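S.K.: One structure is given below, represented as structure tokens, and several questions about it will come after.
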Amino acid sequence: MKSRWRLPLRIVALGYLALLVVIPVGSVFYRAFQHGFIAAWDAVTTPDAVHALWLTLLVVLIAVPLNTVFGVGVSLILARHRFRGAWLLDAFVDLPLAISPVVVGLALVLVYGKTGWFGNWLAAHGIEIIFSFPGIVMASATVALPYVVREVLPVLQEIGTDQEQAATTLGASSFTAFRRITLPSIRRSLAYGVTLTTARVLGEFGAVVVVSGAIAGRTQTLTLFIQDSIDNLNPVGAYAGAVILAIIALVVLTVLGADREGRKAKWRSRSDQSPSDSEMPLPSTTSVLMSPMDH
Amino acid sequence: MGPSGGGKSTLLRVVAGLETPDSGTVEIDGQDLTGIPARQRGIGFCFQHYAPFRHLTVRRNVAFGLEVRRRPKAEIREKVDELLELVRIAHLADRHPSELSGGQRQRMALARALAIEPKVLLLDEPFGALDAQVRQQLRVWLRELHEKISVTTVLVTHDQEEAMEVADRLAIINEGRLEQIGAPAEIYDKPDNEFVMKFLGPATELDGAWVRPHDLVIHNEKGIGGQGAWVERITHLGFEVRVDLKLDDGSSTWVQLSRGAAAELDSVPGDQVWVSRATPSKRQGALTQVVS
């Protein structure tokens with residue numbers, strides 16, 4: 001790259017980022033604290049706001065582990081087994097990303113709602129899914145379905161089965177081989193997949209608004225609380241809620257991303273001093289440098 | 001040994017338990033292991049690309065089999081040190097595989113496989129990914145190591161020279177079939193068929209039969225006998241001299257001579273010569289000469 005292009009390119013890149021992310025997010029922060037910290041604090045410590053926060057965190061705590069286990073499982077199946085319809089499974093994993101979250105929510109209502117396919121059976125057994133907590137978890141898990149698979153699958157395919165088979169010949173059970181060989185190999189990509197999943201679940205609005213009914217103090221998540229605050233002319237509540245959402249996202253990104261960065265640096269310094277005929281270390285997976293606020 | 005795609009690696013993987021045979025049994029020391037899973041077979045396996053555990057140090061790589069077996073820490077440490085010493089990478093114990101050269105990784109993989117004290121050691125193209133010089137060194141080293149540890153070792157290769165150098169017994173595999181099995185010299189001298197003949201070394205045709213070009217002799221006097229031929233070309237290849245011949249019946253063959261024999265023959269292209277198979281006694285003499 002010629003050096004005379006460097007400065008203009010940087011200005012364009014930073015300008016783009018500023019217009020799309022920094023200025024809008026910054027103004028949210030500004031508006032939240034426009035009337036002082038106390039006002040903002042009061043707005044997010046109302047019972048409804050606190051409930052929305054806990055509900056959101058609870059959804060994350062359930063939906064993210066579910067998707068992590070599912071994502072790793074599906075990745076292993078797709079990477080390690082050849083079977084008919086593998087392409088179909090592969091495509092279905094992406095489906096929630098392709099269709100609008102609102103449609104995902106509607107689909108869940110159609111199946112699990114009072115008049116849905118399983119509606120009678122569920123009602124007879126006293127199980128409430130739609131307009132209730134399980135529905136919110138299901139909607140959140142569905143829209144965030146692809147992230148772990150899309151991060152982990154390429155890495156599994158890249159590392160192949162040699163290391164696992166070597167572990168097997170050395171006496172490891174398949175579980176031991178997975179825990180001690182495969183899992184450490186996919187660790188970085190898994191951490192990133194989990195980060196993206198968490199970000200998506202935290203910020204999900206469309207699917208949740210359809211299945212939850214957005215009942216304040218009951219089925220209102222943080223994003224729904226923000227929407228509700230705007231509707232009820234409570235801008236400070238909306239902005240302060242947005243700030244909390246952003247802070248949680250930043251914490252998640254830092255905690256899960258710290259490991260990734262640390263390991264990246266370690267790999268980088270290693271490859272510098274490795275002998276000439278050695279292979280390069282694992283290339284980093286699709287390094288999408290997205291902030292969770294994008295979702 | 002056999003050409004690529006002939007089923008050598010598959011056979012090795014069947015022995016290790018990484019593949020299931022459609023028929024037949026795997027027996028080691030008279031014990032049927034066909035239904036036993038790979039992890040219980042106690043077979044050391046070195047993969048073609050070494051399959052290093054990339055996230056573990058050299059020491060932890062070698063220790064893996066012992067850690068899985070839950071051996072005491074002190075015992076593992078002692079054993080791993082011993083093995084690293086044996087394969088001469090003790091000074092690299094705390095490095096990661098990405099910091100090793102190909103040859104060093106190969107030796108690490110070997111130490112890792114030996115750590116579980118395998119009944120049999122399987123090596124899949126162990127030198128395939130290394131450059132020629134390193135390959136030569138490792139081959140000699142492996143032979144020495146094998147004498148030291150004396151574990152029955154099955155090595156898969158497509159390289160004739162490598163096979164002849166390291167093997168006590170040689171099995172030739174082609175297109176999924178076992179063509180011949182025996183001592184290297186025996187197979188070289190008495191190949192069962194044309195494929196083995198051609199695969200193991202240079203071969204040429206005389207009187208419609210395959211023969212080694214160094215098993216042919218040339219005279220330039222008619223009286224001794226043999227088939228009449230004309231010298232087409234003489235190529236000096238350092239130690240050996242290759243003489244291409246056109247026979248009276250129109251077919252071609254070539255003869256491999258030592259430099260001395262070529263000088264003695266003193267022919268130029270276009271000369272008439274007589275070619276015949278060396279008598280066994282003569283060949284024996286030639287062989288001793290080469291060996292000494």
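The values are calculated or read from the model by the stated rules, or taken from the named source; none is laboratory data. Here the structure is a predicted model, which is why all the values come from computation and not from measurement. Every residue, glycine among them, receives a Cβ derived from its backbone with ideal geometry; neighbour counts consider all protein chains shown.
S.K.: Among the listed residues A:242, A:191, which satisfies the condition of being touching a Lys or Arg at 6+ places or on another chain (Cβ under 6 Å), touching a residue at least 12 places away in the same chain (Cβ under 8 Å) and either in a helix (DSSP H, G or I) or on the phi > 0 side of the Ramachandran plot (or both)?
M.R.: On inspection, the qualifying residue turns out to be A:191.
S.K.: Here's a follow-up. Please go through segment B:172-213 and pick out each residue that is without any contact (Cβ under 8 Å) to a residue 24 or more places away in the chain and among the aliphatic types (A, V, I, L, M).
M.R.: Residues satisfying the conditions are B:178, B:181, B:183, B:185, B:187, B:197, B:203, B:209.
S.K.: Next question. Could you identify the single residue in B:144, B:78 that is away from chain A (no Cβ under 14 Å) and over 17 Å from residue B:166 (Cβ atoms)?
M.R.: B:78
S.K.: Also, I was wondering about something else. Would a scan of segment B:230-237 turn up a residue that is within 22 Å of the chain's Cα centre (by Cα), outside the structural domain of residue B:157 (by TED's automatic domain parsing) and under 30 Å from residue B:167 (Cβ atoms)?
M.R.: no
S.K.: Right, another one. Of the residues that make up segment B:143-153, is at least one crowded, with 20+ Cβ neighbours inside 10 Å and modelled with pLDDT of 90 or more?
M.R.: Yes: segment B:143-153 contains one or more residues that are crowded, with 20+ Cβ neighbours inside 10 Å and modelled with pLDDT of 90 or more.
S.K.: If you go through segment B:136-160 one residue at a time, how many are part of a strand (DSSP E or B) and free of Cβ contacts under 8 Å to residues at least 60 places away in the same chain? Steps first, answer last, please.
M.R.: Initial filter on segment B:136-160 (part of a strand (DSSP E or B)): B:152-156.
From what's left, free of Cβ contacts under 8 Å to residues at least 60 places away in the same chain: B:152-153, B:155.
Residues meeting the conditions: 3.
S.K.: Here's something else I'd like to know. Look through B:33, B:84 and report the one residue that is over 24 Å from residue B:142 (Cβ atoms) and in contact (Cβ under 8 Å) with a residue 12 or more places away in the chain.
M.R.: B:33
S.K.: Follow-up question, since we're still on this one. Need a quick list: strands (runs of 3 or more DSSP E) entirely within segment B:161-236 having at least 2 residues that are closer than 14 Å to residue B:1 by Cα.
M.R.: Fully inside segment B:161-236 and qualifying: B:170-174, B:177-182.
S.K.: Name the residue that is surrounded by the fewest Cβ atoms within 10 Å (Cβ to Cβ), counting only residues in segment A:140-179 that are more than 8 Å from chain B (Cβ to nearest Cβ), within 19 Å of residue B:37 (Cα to Cα) and touching an Asp or Glu at 6+ places or on another chain (Cβ under 9 Å).
M.R.: Ranking the candidates gives A:174 first.
S.K.: Separate question: Just to be sure, is residue B:112 of a type in the set (Lys, Arg), surrounded by 15 or more Cβ atoms within 10 Å (Cβ to Cβ) and at pLDDT 90 or above?
M.R.: So residue B:112 passes the test.
S.K.: For segment B:34-55, name all the residues that are at the interface with chain A (Cβ under 8 Å from one of its Cβ atoms), under 27 Å from the mean Cα position of the chain (by Cα) and closer than 18 Å to residue B:103 by Cβ.
M.R.: Correct list: B:47, B:49, B:51, B:52.
S.K.: Please work out which residue is nearest to the other protein chains (Cβ to nearest Cβ), limiting yourself to segment B:56-74 and to residues that are aliphatic (A, V, I, L, M) and touching an Asp or Glu at 6+ places or on another chain (Cβ under 9 Å).
M.R.: Initially, segment B:56-74 is screened for residues aliphatic (A, V, I, L, M), giving B:56, B:58, B:62-63, B:66, B:68, B:74.
Adding the requirement that they be touching an Asp or Glu at 6+ places or on another chain (Cβ under 9 Å) leaves B:58, B:66.
Values: B:58: 13, B:66: 9 Å.
Among those residues, the one meeting the criterion is B:66.
S.K.: Right, next: Any residue that is without any contact (Cβ under 8 Å) to a residue 60 or more places away in the chain, β-branched (Val, Ile, Thr) and either under 23 Å from residue A:174 (Cβ atoms) or surrounded by 15 or more Cβ atoms within 10 Å (Cβ to Cβ) (or both) - is there at least one of those in segment B:66-79?
M.R.: Yes, some residue in segment B:66-79 is without any contact (Cβ under 8 Å) to a residue 60 or more places away in the chain, β-branched (Val, Ile, Thr) and either under 23 Å from residue A:174 (Cβ atoms) or surrounded by 15 or more Cβ atoms within 10 Å (Cβ to Cβ) (or both).
S.K.: Does residue B:124 satisfy being more than 9 Å from every other protein chain (Cβ to nearest Cβ) and either closer than 11 Å to residue B:58 by Cα or at pLDDT 95 or above (or both)?
M.R.: Spelling it out, it is not the case that residue B:124 is more than 9 Å from every other protein chain (Cβ to nearest Cβ) and either closer than 11 Å to residue B:58 by Cα or at pLDDT 95 or above (or both).
S.K.: Sort out which residues of segment B:56-84 are within 32 Å of the chain's Cα centre (by Cα) and outside any helix (DSSP H, G or I), and write them in order of number.
M.R.: Result: B:56, B:57.
S.K.: Determine the pairs where a residue that is assigned to a helix (DSSP H, G or I), located within segment B:101-115, has a partner that is of a type in the set (D, E, K, R) with Cβ atoms under 7 Å apart, the partner being 6 or more residues away or on another chain.
M.R.: Listed by first residue and then by second, the contacts come to B:102/A:277; B:107/B:88.
S.K.: Starting from segment A:210-221, take each residue that is on the phi > 0 side of the Ramachandran plot and list its partners that are at pLDDT 85 or above and surrounded by fewer than 21 Cβ atoms within 10 Å (Cβ to Cβ), counting only C-beta distances under 6 angstrom and pairs at least six apart or across chains.
M.R.: As it stands, the answer is A:213/A:131; A:217/A:48; A:217/A:51, since those pairs meet every condition given.
S.K.: For a quick check of your reading: which helices (runs of 4 or more DSSP H) sit entirely within segment A:1-119 and have at least 2 residues that are surrounded by 13 or more Cβ atoms within 10 Å (Cβ to Cβ) and among the aliphatic types (A, V, I, L, M)?
M.R.: Where helices (runs of 4 or more DSSP H) fall fully within segment A:1-119 and carry at least 2 residues being surrounded by 13 or more Cβ atoms within 10 Å (Cβ to Cβ) and among the aliphatic types (A, V, I, L, M), they are A:23-32, A:37-44, A:47-80, A:86-98, A:101-112.
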